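> The following block contains the structure, expressed as structure tokens.
The values are calculated or read from the model by the stated rules, or taken from the named source; none is laboratory data. None of these values were measured; they are calculated from a predicted model. Cβ coordinates were reconstructed from backbone atoms using ideal geometry, including for glycine residues, and neighbour counts include every protein chain displayed. All accessible areas refer to the heavy atoms of the entire protein, side chains included, with ligands and DNA or RNA removed. Shrake-Rupley method; radii C 1.70, N 1.55, O 1.52, S 1.80 Å.
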Amino acid sequence: MLHDDDRELMRAVSGYLRRVNEVSEREAVSTRTPLGDVISEHLGVDASQVPVVVEQIADHRLVDADLALDALGEGDGRLIGVTGGDQRHHQRLSEWITNPHTRYAPGPVDFAERATGPSSSARVVSLGVRLLRFDGVPIALAQRAASPEFGRPAALLEVLSADDAVVTRFLETLRQTMIERSVLRGQVLSFQPTEYGRDAGATFVERPAVAADDIVLGAGVLEEVVQHVIGIGRNSEALQRAGQHLKRGVLMYGPPGTGKTLTVRHLLTETAGVTAVVLTGSSIRFIGAAAEIARTFQPAIVVLEDIDLVAMERHSSPQPLLFEVLDALDGLDGDADVAFIMTTNRVDVLERALAERPGRVDLAVEIPLPAPAERRRLFRRYAQALPFTEDSLTAAAERAEGTTGSFAKELMRRSVLRAIREEREPRDEDLAEELDRLMDARQHLTRAMLGSAGEQDSDLPPDGHHAASFGWFGG
């Protein structure tokens with residue numbers, strides 16, 4: 001039984017605790033910023049007491065996130081900016097809400113221009129707060145673009161709501177909407193490293209326009225590659241019904257300048273609407289990001305140009321980068337409608353690794369130096385409307401054994417330039433004399449640079465880099 005003294009003590013303790021709570025609430029309100037007040041009013045609870053869920057997004061997906069958030073907030077959303085100095089770029093949403101030093105307040109929204117295609121762009125939120133409802137429940141969300149200069153390599157979304165389950169469902173819906181509305185789907189993309197290190201973003205590339213008639217290869221070679229890459233994709237549903245896998249890997253190998261890159265560009269021409277990622281040389285280290293795009297936006301093509309240049313390359317891991325590429329192929333399910341196309345000038349540095357990991361490449365096609373018949377076609381193609389006789393072109397093609405289309409193209413230019421210097425039309429003699437110059441022993445390095453056979457191995461360093469083609473938009 002309680003005595004009067006005990007009751008008095010309990011009343012005093014209760015009053016003290018009530019007083020402590022009142023002081024705590026006043027202090028919380030006093031440190032909450034004007035922006036925090038706005039967010040709290042929207043949520044219907046003290047925002048400083050609500051946990052924040054962080055979602056990182058690759059910066060090349062920021063446009064997708066912006067489009068998805070616009071759709072999810074349509075008709076019931078509000079977008080506000082943040083004022084409070086440069087510190088807003090460094091501090092998180094929780095610090096925007098409660099901060100005894102910087103009184104963050106609503107203000108103008110920060111926007112940035114982002115590419116949506118090779119020649120188009122859109123304005124997206126680079127720093128701002130969205131107030132919206134999802135399933136009838138208020139949600140607040142901070143949206144930021146990546147800032148590598150500030151140590152933030154990815155875009156960031158910070159979400160809070162009084163209902164944790166709603167936040168989970170909201171983020172799941174956001175991810176799906178980003179895929180449905182993505183500006184990446186059906187585009188040709190590439191990856192380039194940034195000045196701040198290893199991180200890279202996808203950049204848009206114009207889809208090439210290369211017809212089958214523009215390519216001069218041996219009989220049936222182009223048709224075989226097209227059937228494997230494009231034919232499987234066009235018959236994907238029937239193949240899946242028959243229990244067959246769709247993922248495929250193609251390796252095109254042969255000397256530089258023989259038409260491997262041109263064949264790749266033709267494949268991209270013939271697959272309009274298919275998402276493609278083109279990685280060349282050192283950018284192949286972004287294979288993980290490329291594979292993720294291909295997985296997300298099927299049907300897709302991943303091109304790995306000059307893969308021999310990285311077959312021996314090492315980075316922070318002791319494992320060769322080539323194995324990373326093979327792991328990326330392994331990481332996709334067999335029913336993924338993704339074609340990996342690899343090109344190499346030195347298949348010898350790949351054979352062992354590919355043999356030890358069978359099944360990654362299911363078609364290997366040699367693109368050799370042009371045979372006499374192909375050289376004649378190349379010479380006629382690059383001569384176009386020039387007034388060279390058929391006999392002179394045939395004779396030049398037969399003499400230029402071991403050369404490629406790059407050689408024929410340069411020969412025509414030199415022949416025309418010779419005539420221009422003498423202020424007249426080109427003649428057969430120009431073609432013959434310029435061919436003599438290029439075939440002269442003193443021009444052995446020039447021929448090597450134009451893809452001539454039998455000379456590059458003896459004149460350039462044996463490090464595997466001498467066989468590289470000169471850029472993806474070359475031949």
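> Which value, in debye to the nearest 20, gives the size of the charge dipole of region 82-178 about its Cα centre, when Lys and Arg are +1 and Asp and Glu are -1 at the Cβ? Could you put the intermediate results ahead of the total?
Working: 11 positive and 10 negative charges, 29 e Å.
Roughly 140 debye, rounded to the nearest 20.
> Could I get the Rg over Rh figure for region 109-168? Both from C-alpha atoms, Rh via Kirkwood, rounded to two places.
Rounded to two decimals, Rg over Rh is 1.08.
> How many nm separate the modelled label positions at Arg241 and Glu425, each set 7 Å beyond the Cα in the direction of the Cβ?
With each label point 7 Å from Cα toward Cβ, the separation is 6.0 nm.
> A further question on this structure: Which of the listed residues, Ala385, His444, Ala397, is farthest toward the dipole's positive end in region 372-450, when Lys, Arg count +1 and Asp, Glu count -1 at the beta-carbon?
Value computed over the given set: His444.
> Another one. When the convex hull of the C-alpha atoms of region 204-366 is computed, what volume per residue in Å³ does it have? Write out the running numbers ahead of the final one.
Working: hull volume 19.0 nm³, N = 163.
Output value, Cα hull per residue: 116 Å³.
> Okay, next question. Please list the non-local residues whose amide H lies under 5 Å from the amide H of Val109, H modeled 1.01 Å from N, same-chain partners needing a gap of 5 or more.
Residues meeting the criterion, in which the H sits 1.01 Å from N, are Gly81.
> Got a sec? What order do Lys260, Lys409, Lys247 fall in by accessible area at 1.4 Å, biggest, i.e. largest, first?
On the way: Lys260 10, Lys409 125, Lys247 45 Å².
Most to least solvent-accessible, the answer reads Lys409, Lys247, Lys260.
> Using heavy-atom solvent-accessible surface (probe 1.4 Å) with all chains present, what is the largest-first order of Thr83, Thr271?
On the way: Thr83 50, Thr271 15 Å².
If we order Thr83, Thr271 from most to least accessible, we get Thr83, Thr271.
> Once the mean 1/r over all distinct Cα pairs of region 372-450 is inverted, what Kirkwood radius in angstroms do you read off? Could you put the intermediate results ahead of the total?
On the way: mean 1/r = 0.0807 Å⁻¹.
Hydrodynamic radius (Kirkwood, Cα only) of region 372-450 equals 12.4 Å.
> Let me ask something else. Across region 390-399, in residue order, what do the Karplus-derived ³J(HN,Hα) couplings come to in whole Hz, using 6.51 cos²θ - 1.76 cosθ + 1.60 with θ = phi - 60° and x for Gly and Pro?
Result, ordered by residue: 4, 5, 5, 5, 5, 4, 5, 5, 5, 6 Hz.
> Could you tell me the largest-minus-smallest coordinate of the C-alpha atoms of region 43-130 on each of the three principal axes, in descending order and whole angstroms?
Result, largest extent first: 46, 28, 22 Å.
> For q values of 0.09, 0.10, 0.16 Å⁻¹, compute log₁₀ I(q)/I(0) with the Debye formula on a Cα-only model of region 31-181, without solvent.
-0.26, -0.32, -0.84
> Quick one: if the Förster radius is 56 Å, what FRET efficiency do Arg437 and Glu41 give, using the C-beta to C-beta distance and rounding to 0.05? It would help to have the intermediate numbers written out before the result.
Numbers: r = 81 Å, r/R0 = 1.45.
Once rounded, the FRET efficiency stands at 0.10.
> Now for a separate question. With charges only on Cβ, +1 for K and R and -1 for D and E, what is the dipole size of region 372-450 about its Cα centre, in debye, rounded to 20?
Numbers: 16 positive and 16 negative charges, 79 e Å.
About 380 debye.
> Here is a follow-up. Indicate the gyration tensor shape class of region 141-195 (rounded, prolate or oblate), computed on the Cα atoms with a ≥ b ≥ c the square roots of the eigenvalues: a/c under 1.5 is rounded; otherwise a/b larger than b/c is prolate and the rest oblate. Walk me through the intermediate numbers first.
Working: a/c = 4.10, a/b = 1.35, b/c = 3.03.
Oblate is the answer for region 141-195, as a/c is 1.5 or above yet b/c matches or exceeds a/b.
> Which order, highest average first, do 398-406, 301-309, 417-425, 100-108 follow once you tally other Cβ atoms within 10 Å for each residue and take the mean per peptide? Could the numbers behind the result be given before it?
Working: 398-406: 19.4, 301-309: 24.8, 417-425: 11.7, 100-108: 14.8.
Per-residue mean Cβ counts within 10 Å order the peptides as 301-309, 398-406, 100-108, 417-425.
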